[in-house]
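The values are calculated or read from the model by the stated rules, or taken from the named source; none is laboratory data. All of these numbers come straight from a predicted model, not from anything done at the bench. Glycine gets a Cβ as well: all are built from the backbone with ideal geometry, and neighbour counts include every protein chain shown. Just so you know, the surface numbers come from the protein's heavy atoms only, side chains and all, with ligands and any DNA or RNA stripped out. Shrake-Rupley method; radii C 1.70, N 1.55, O 1.52, S 1.80 Å.
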Amino acid sequence: MIGGIWVARSDGYALQVAMDTAGPSNPLAKIAVAKPGAWMDNYARWPVTWLLPAIGVAGALLSAVLLRAGRAGLAFLASSASIIGIILTEGVATFPFLLPSSTQAGSSLTLWDASSSHMTLFIMLLATAFFLPIVLLYTAWVFRVLRGKVDGDGMGRNPNAY
């Protein structure tokens, strides 16, 4: 809660010129400026995003209540919802900035600066289509070789166990 108030009062970054999201990435073409309260602009633009910080706080409180009531499984789900809400709160607040620069707003990395070209994505698709089955087969083989229960007797018979 205190962090949210601090962020709302601190300087955030905003893009002055609209980015061509469908065009080629040019990090030098963006104009970003620091302005007070800019991290809260996305919440004003999309009011439904206020649900994310609410989920973060409510999930943490509900988790504590459920733990006290002895409902550990539901408390885990509530704390998971809290973590998701908190992480998405930060993501919405800083969008489109992925890595805001601490010294110069224009040097910040935005979502479009970090994107890959269609050719790069296609090459990575082919690499994944080739290597993923190999990784899955190797993982299945390792699990097959290492299957079984480990107990004290088996460790006693194995001279390499110590």
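Got at least one residue in segment 12-33 being open to solvent by less than 80 Å² (accessible area, probe 1.4 Å), of a type outside the set (Gly, Ala, Ser) and within 20 Å of ILE87 (Cα to Cα)? Yes, that holds for at least one residue. Being out of contact with any helix residue (DSSP H, G or I) (no Cβ under 6 Å at 6 or more places or on another chain), of a type outside the set (A, V, I, L, M, F, W, C) and either free of Cβ contacts under 8 Å to residues at least 40 places away in the same chain or not in a helix (DSSP H, G or I) (or both), is that true of even one residue in segment 51-67? Looking for residues that are out of contact with any helix residue (DSSP H, G or I) (no Cβ under 6 Å at 6 or more places or on another chain), of a type outside the set (A, V, I, L, M, F, W, C) and either free of Cβ contacts under 8 Å to residues at least 40 places away in the same chain or not in a helix (DSSP H, G or I) (or both), one finds none in segment 51-67, hence no.
Considering LEU74, LEU146, the condition of being open to solvent by less than 100 Å² (accessible area, probe 1.4 Å), of a type in the set (A, V, I, L, M) and farther than 16 Å from TRP39 by Cα is satisfied by LEU74 alone. Summed over segment 115-143, residues that are free of Cβ contacts under 8 Å to residues at least 60 places away in the same chain and open to solvent by less than 90 Å² (accessible area, probe 1.4 Å) total 12. The set of residues in segment 36-50 that are surrounded by 14 or more Cβ atoms within 10 Å (Cβ to Cβ) and either among the charged types (D, E, K, R) or on the phi < 0 side of the Ramachandran plot (or both) comprises ALA38, TRP39, MET40, ASP41, ASN42, TYR43, THR49.
Taken together, the residues in segment 77-99 that are open to solvent by less than 40 Å² (accessible area, probe 1.4 Å), part of a helix (DSSP H, G or I) and under 20 Å from ARG45 (Cβ atoms) amount to 6. For ILE83, the conditions (1) more than 18 Å from the chain's Cα centre (by Cα); (2) modelled with pLDDT of 85 or more all hold with the exception of (1). Against the condition more than 20 Å from LEU111 (Cα to Cα), over 20 Å from the mean Cα position of the chain (by Cα), open to solvent by less than 80 Å² (accessible area, probe 1.4 Å) and small (Gly, Ala, Ser), how does GLY56 come out, does it pass? No: the conditions fail for GLY56.
I'd like to know if segment 101-115 contains one or more residues that are within 16 Å of GLY3 (Cβ to Cβ) and acidic (Asp, Glu). Talk me through it step by step, then tell me what you get.
Start the filter on segment 101-115 by keeping residues that are within 16 Å of GLY3 (Cβ to Cβ), which leaves none.
No.
Count, please, the residues in segment 100-114 that happen to be in contact with a Pro (Cβ under 7 Å, 6 or more places away or on another chain), in a loop (DSSP other than H, G, I, E, B) and of a type outside the set (A, V, I, L, M, F, W, C). Qualifying residue count, segment 100-114: 2.
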